[in-house]
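What follows is calculated from the coordinates using simple rules that are stated; it is not laboratory data. Note that this is a predicted model, so its numbers are computed, not measured. Cβ coordinates were reconstructed from backbone atoms using ideal geometry, including for glycine residues, and neighbour counts include every protein chain displayed.
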Amino acid sequence: METPYTNHIKRDEYEFVYEPAEDTFLLLDALEKDLPYIERLSPQICLEIGSGSGVIITALSKRLRNTLCLATDINPYACQVTRRTSSHNQGYVDVVNTNFTQGLRVRNIDLLLFNPPYVVTDTDELNMLSLKIGDAEENITKNQLVRSWAGGKNGREIIDALFKNLDQMLSRRGVLYLLVLKENQPNVIEQNLNSIGFNVENFMDRKIPGEHLYVLKITRKKGKDDE
Ligand SMILES: C[S@@+](CC[C@H](N)C(=O)[O-])C[C@H]1O[C@@H](n2cnc3c(N)ncnc32)[C@H](O)[C@@H]1O
């Protein structure tokens, strides 16, 4: 998959919006590797939660021309930049400024992507972030970059919040590609997801200085009706 152009993003915009980094590129590489699976799945709806600069969902939207490609981000600046990345690269992405999928009516997502805030931080630090939809602009600019990385206890608070609603979000045949860090304890994530009816595959991993990153591929366990 071609990495979209980002020349339209000015340096100072990265003070407010997450700059594509090793985690972004690992998720892109994993999606590229699994493109044959994704194309066979022929997803009707693809959603990236937390699209940041928009490079991942834009790259996919160019390969999945018959798929409705959506992005959400809690950071309004990220939403603006995602829209621009999509239009500058002739992508097809609709972008909504919301918390997870709250502002969307669509469910039954076939292809779900999330490179979440995964860094281990104090829960208090996470709670102190007052960023909410409709917050005053000064608060947003102060806090939104922290929102890109602060993951709370075990770096898993945002990830776990996603899992609470995963059953309602994913279609029967849906798949979630999730970026996590060794400190998030991928084995605990696997156990937790197994217990609520999902399979977890360690699809790709990469060691970079100071971090061991994983892309987990998460699907529903097959029931009798799926045979
Ligand atoms: C690690 S950055 C990833 C950005 C981009 N997807 C990438 O891979 O470069 C995490 C993104 O998730 C967004 N985010 C954090 N919490 C969110 C939430 N509850 N709902 C939607 N977006 C969220 C952040 O604003 C940030 O843009």
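Key figures for this structure:
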| read-out | value |
| --- | --- |
| Cα gyration tensor shape of region 22-119, rounded if a/c is under 1.5, else prolate or oblate by comparing a/b with b/c | rounded |
| Projected area, mean over directions - the chain, Cα convex hull, nm² | 12.2 nm² |
| Protection proxy ranking, peptides 104-110, 181-187, 76-82, average beta carbon neighbours within 10 Å, highest first | 76-82, 181-187, 104-110 |
| Equivalent ellipsoid dimensions for region 69-116 as semi-axes, Å, which come from the Cα gyration tensor, largest first | 18, 13, 9 |
| Summed residue charge, Cβ within 15 Å of LEU104's Cβ, Lys/Arg positive, Asp/Glu negative | -2 |
